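A quick write-up on the structure given underneath.
Laboratory data are not the source of any read-out in this text; all were calculated from the coordinates shown. Remember, it's a predicted structure, so these values are computed and weren't measured experimentally. Positions of Cβ are generated from backbone atoms using ideal geometry, with glycine treated the same way; all protein chains shown enter the neighbour counts.
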Amino acid sequence: MKATPHIKPMNGVEIAETVLLPGDPLRAKFIAETYLEDVQQFNGVRNMFGYTGTYKGQKVSVMGSGMGIPSIGIYSYELIHTFGCKKLIRVGSCGAMQEDIDLYDVIIAQGASTDSDYVKQYNLPGHYAPIASYNLLEGAVSKAREKGVNYHVGNILSSDIFYNADETANERWQRMGILGVEMESAALYMNATYAGVEALGVFTVSDHLIHNKATTPEERERAFTDMIEIALSLI
Ligand code: HPA
């Protein structure tokens, strides 16, 4: 059976062509146990748990990506190039950066701007715009509309820096229409595009960089389920 330094499939469990990638491996476990059937674990290396199961009869995998561009860069590369994954869907949380976005709204990342140098490896003679697969984007938007969730589609920021010494950086990204900030999608979009496969990031807003409102555990639960159901509808 195929293996990489970071993914060593256990007990002959295969990885599906569609993979959901939450940052936190325990989130992957929760998603597998809560939303999938016939679940089997395929990875345990570095406790970056990965599972394969079915959703409405279709095979799907879910695996942690870890935090940050280097981590998702490694896992998505190995999933694509060694295990033949064709649709990689990041499901995560982000910090909202616009007034009209509320906590626990869903953000669908059409593009992923970044302060990372990940793109340098491609040696391009200009500035590249990492974008989602239009096919997955369209599917996610139509599912979000059908479900009646509060969703926003646009550009997000995949930042290398959680604790930024430049306290004014966010204001400038806000001005450029960035909807929210997270730390992984730009690398996922670049890896997928370079390899000719599809990727998308779907997020729930876990915190707000401009204002903060109190929310309830029920609201968080519903928002998380909305995001996962949107992602699973794309298999
Ligand atoms: N910054 C970066 N990543 C995040 C944030 C944030 O504020 N919130 C959720 N993921």
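Is it the case that the range 155-178 has a residue that's within 20 Å of A28 (Cα to Cα) and among the aliphatic types (A, V, I, L, M)? Scanning the range 155-178 turns up no residue that is within 20 Å of A28 (Cα to Cα) and among the aliphatic types (A, V, I, L, M). Tell me, please, whether a residue that is of a type outside the set (D, E, K, R) and farther than 25 Å from A16 by Cα can be found in the range 188-205. Yes, that holds for at least one residue. Going through the range 190-205 one residue at a time, which ones are away from the ligand (no atom under 16 Å from the Cβ) and not small (G, A, S)? The answer is M190, N191, T193, Y194, V197, E198, L200.
If you filter the range 127-156 down to residues that are free of Cβ contacts under 8 Å to residues at least 40 places away in the same chain and part of a loop (DSSP other than H, G, I, E, B), you find that the one that is surrounded by the most Cβ atoms within 10 Å (Cβ to Cβ) is A129. The lone criterion from (1) in contact with a Phe, Trp or Tyr (Cβ under 8 Å, 6 or more places away or on another chain); (2) more than 22 Å from K213 (Cβ to Cβ) left unmet by T193 is number (1).
So, in the range 1-23, exactly how many residues are among the charged types (D, E, K, R) and either free of Cβ contacts under 8 Å to residues at least 24 places away in the same chain or closer than 19 Å to A199 by Cβ (or both)? Outline the logic, then answer.
First, pick out the residues of the range 1-23 that are among the charged types (D, E, K, R): 2, 8, 14, 17.
If we keep only those that are either free of Cβ contacts under 8 Å to residues at least 24 places away in the same chain or closer than 19 Å to A199 by Cβ (or both) too, we end up with 17.
The total comes to 1.
Considering the range 94-126, the residues that are in contact with a helix residue (DSSP H, G or I) (Cβ under 6 Å, 6 or more places away or on another chain) and in a loop (DSSP other than H, G, I, E, B) include one that is farthest from T215 (Cα to Cα), namely S116.
Counting the residues of the range 8-31 that are crowded, with 22+ Cβ neighbours inside 10 Å and small (G, A, S) gives 2. Counting only helices (runs of 4 or more DSSP H) that sit completely within the range 157-235, those holding 2 or more residues that are more than 24 Å from G66 (Cβ to Cβ) and over 17 Å from the mean Cα position of the chain (by Cα) correspond to 169-175, 217-232. Condition test on Y35, is it touching a helix residue (DSSP H, G or I) at 6+ places or on another chain (Cβ under 8 Å), under 24 Å from F224 (Cα atoms) and not hydrophobic (A, V, I, L, M, F, W, C)? Yes, satisfied.
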